[in-house]
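Here is the structure we will look at.
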Amino acid sequence: MNAANSILSFCRYLGLGALIAIGVLSEVPGGLRPHIFAVSQLEHFVAYFAAALLLALGFWNRRKLLLLSSALPIYAAVLEITQMFIPGRSSEFIDFFASSGGACAGILSAWLLYSACRLTVVRKAFLSRVSPRAPRHGKVLTKVPSSQ
């Protein structure tokens, strides 16, 4: 297993772990859930952003990204609906929108990061093909005859 595959596997497992953590923290009673930010919608956005970013980087494929972009909002909706039946918890549309927005922003960030890395790799590949003796700036270098 090379380094690239191990990084992708790491992102996959960390992203799946983030989804499990989101599910567990969404289903505990209200008094037991820890709060990191003062605004709960920011917590939703950051949690889904991180999970979506990791999953998108780990499962990079156009079909999988489309599946991920529809599955994460559905997952957020299911968790919001189940919160209606948990004591001390409430279900709100704004929480769902914050979660879905975080998921979309995470996937978009992964796409931008992937595109930037791809451009860098293409640029390095192009520059490595240019021979070191090739003239720069279109000037042709010729040997100057010596005057005798």
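Observations
- Volume per residue for region 3-129 equals 108 cubic angstrom (convex hull of Cα atoms).
- Spin-label proximity, R118 to region 36-56 - amide N less than 18 Å from point 7 Å beyond Cα toward beta carbon: 53-56
- Between V46 and F97, the distance separating the two model label sites (each 7 Å from Cα on the Cα→Cβ line) works out to 2.1 nm.
- Region 24-44-region 66-116 distance, computed between alpha-carbon centres (Å): 14 Å
- Using a simple spin-label model with pseudo-atoms 7 Å out from Cα toward Cβ, L25 and V78 lie 1.9 nm apart.
Here, each number is a calculation from the coordinates, and none is a lab measurement. Predicted model only: the values in this text are computed from it and were never measured. Reconstructed Cβ throughout: ideal geometry from the backbone, glycine too, with neighbour counts over all protein chains shown.
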